[in-house]
Amino acid sequence: MIVYKQQIQNNVLEFKELDELTAQSWTYKTKNTYYNKKKLLEKLNAFFDWHINYCNTFLKGKTYNQKNLASTVLKTKFKNQTHWNEYIKKSLFLSLEYVEYLKSVVKLKNLSAFEHTISNLKIDLEWLIASVEVDLKKTVTSISLNSGRRKYLSPTDLFSAARTLFRIEEFSKMEDLYLRDLKPVVMFQIRQLLEVFGRELIGYYSINDQSGLPVKRFTQISWEFIKEEVKSSNSRIIFPFDVQMIIDINQWANDFVHTTYLHSSYIQYFVLKAINVLFASKTKGIKIYTGETVSKINIADIKIRDYNLLKVDFDQFLNNRIPNIVVDWMPTKKVGAYIITE
């Protein structure tokens, strides 16, 4: 078991597990031998163990549910020091989960493929540990970091990612892919996933103006309507999970599209885990408005009652924003949710 050893000298964060991992990474990069690769995995696992122990020493068994995490860690601005401290604590918890996951999947055979992932992770964790030491433990008033990364994707970064994805077949090895730019594309996909999911959940193909053209400002309107609907104690949309978490994730994904702010790797990992609730069914069948018992593939047990009234209210919700809006509705049987009553 790794003993918790942390030294801060001249306000520079130092611990041997990270230093040894960095040194061995460089050795393997310059001398790509089986021995050096095996040694690198040993140093990586030692670093993982150190971080797991660091988190457990501080958190002392504290856990958080997904809704509680989403309401805090998906933000970039904080009202006060208390909120910031909560962000750091919950980020530490998420980093623990992510490191435990990586430790379970990174093996000798795929170690090279994780080169960029580990590089980014070291930067994220050094920043996080420094924040814990300064803001939570108050070991020192400030710490100078040994590493860092740009917080935003530039147009060149986005172009590089698009070009790499399109030409991905040309890369012979996983490690040749520059994942720093490529992985954040996941956040674009999450945004599109939620847009399509929300549209199918309510049951429409498009929202059009009088000319029959799609209204672009309404691409995310389904979740705005859902957010208002579920505030009612008698909501007609019934979720088997707390939908506020998905609403928070949707806002987070939208913010990334507009700002390209790069959240830490462990936060991206959390979001991908959290949205699993949209597709997790726990029943073998649900009785719908026709009297049949049906089972939908790859969707949670989300139910809608009084569907026709819901459609009327959704229509009004849109027309209150822009008059004469026309909704192109799906046939009821194609709606993503289970329609309990029409």
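Just a few scattered comments:
- Candidates N65, N80, filtered to the one that is within 22 Å of Y269 (Cβ to Cβ), open to solvent by 60 Å² or more (accessible area, probe 1.4 Å) and modelled with pLDDT under 95: N65
- In region 250-260, the condition of being over 21 Å from the mean Cα position of the chain (by Cα) and within 30 Å of V73 (Cβ to Cβ) is met by no residue.
- In the set S119, S112, only one residue is of a type in the set (G, A, S), modelled with pLDDT under 95 and open to solvent by 40 Å² or more (accessible area, probe 1.4 Å); that residue is S119.
- Any hit, region 88-108, residues being open to solvent by 10 Å² or more (accessible area, probe 1.4 Å), hydroxyl-bearing (S, T, Y) and at pLDDT below 95: no
- First in region 21-42 and closer than 16 Å to L108 by Cβ, second anywhere and open to solvent by 40 Å² or more (accessible area, probe 1.4 Å) and of a type in the set (A, V, I, L, M, F, W, C), Cβ under 9 Å, 6 or more apart: Y34/L108; K37/L108; K38/L108; L41/L108
- Residue within region 295-310 that is of a type outside the set (D, E, K, R), without any contact (Cβ under 8 Å) to a residue 60 or more places away in the chain, touching a Phe, Trp or Tyr at 6+ places or on another chain (Cβ under 8 Å) and within 21 Å of V196 (Cα to Cα) present: yes
- Residue satisfying all of: in region 277-310; open to solvent by 70 Å² or more (accessible area, probe 1.4 Å) and hydrophobic (A, V, I, L, M, F, W, C); modelled with the highest pLDDT among these: L309
- Residues in region 312-342 that are open to solvent by less than 40 Å² (accessible area, probe 1.4 Å) and within 20 Å of Q220 (Cα to Cα): F314, F317, L318, I325, V327, M330, V335, G336, A337.
- Residue satisfying condition, being out of contact with any strand residue (DSSP E or B) (no Cβ under 7 Å at 6 or more places or on another chain) and free of Cβ contacts under 8 Å to residues at least 40 places away in the same chain, within set Q268, Q316: Q316
- Residue that is most open to solvent (accessible area, probe 1.4 Å), among those in region 196-212 that are within 16 Å of F314 (Cβ to Cβ) and among the small types (G, A, S): S206
The values are calculated or read from the model by the stated rules, or taken from the named source; none is laboratory data. All values derive from a computational prediction rather than experimental measurement. Cβ coordinates were reconstructed from backbone atoms using ideal geometry, including for glycine residues, and neighbour counts include every protein chain displayed. Accessible surface is based on the protein model in full, side chains and every heavy atom, while ligands, DNA and RNA are left aside. Shrake-Rupley method; radii C 1.70, N 1.55, O 1.52, S 1.80 Å.
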